[in-house]
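*Asks:* Submitted below is the structure of interest, expressed as structure tokens.
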Amino acid sequence: MERLIQLLDDLDDLLAPAFVILTRVHWLRGMAVLILMLLISGAGASWPLAAMLALPALPLADLVRSRVRRLSANLQLPGRVSLDSRY
């Protein structure tokens with residue numbers, strides 16, 4: 001029993017810093033993936049298929065966001081139409 005307690009204590013020492021450095025954004029992103037998995041599985045897909053479809057959603061969203069930023073930076077909009085207008 002003492003060995004089990006020591007093992008759990010060692011695991012806690014290893015895993016606790018990983019959870020401490022997670023920010024609110026990380027938790028929200030993780031919850032978004034879980035919600036997407038629940039929606040896909042609720043639509044009739046199996047859990048493994050729902051996980052395979054939901055996990056790439058965040059990297060794809062990041063890629064789309066960076067492409068949109070790059071395109072909007074290259075696109076010259078008049079001052080009144082631009083979002084960072086001073087008018």
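*Asks:* Collect the residues in the stretch 42-71 that are assigned to a helix (DSSP H, G or I) and surrounded by 12 or more Cβ atoms within 10 Å (Cβ to Cβ), keeping them in residue-number order.
*Replies:* L49, A50, A51, M52, L53, A54, A57, L58, A61
*Asks:* Here is a follow-up. Considering each of L14, L36 in turn, give the residue that is in a helix (DSSP H, G or I), at pLDDT 85 or above and not β-branched (V, I, T).
*Replies:* L36
*Asks:* So if I check each of S66, S82, which one is at pLDDT below 80 and of a type outside the set (A, V, I, L, M, F, W, C)?
*Replies:* Residue meeting the stated conditions: S82.
The values are calculated or read from the model by the stated rules, or taken from the named source; none is laboratory data. Remember, it's a predicted structure, so these values are computed and weren't measured experimentally. Cβ atoms come from the backbone with ideal geometry, glycine included; neighbour counts cover every protein chain shown.
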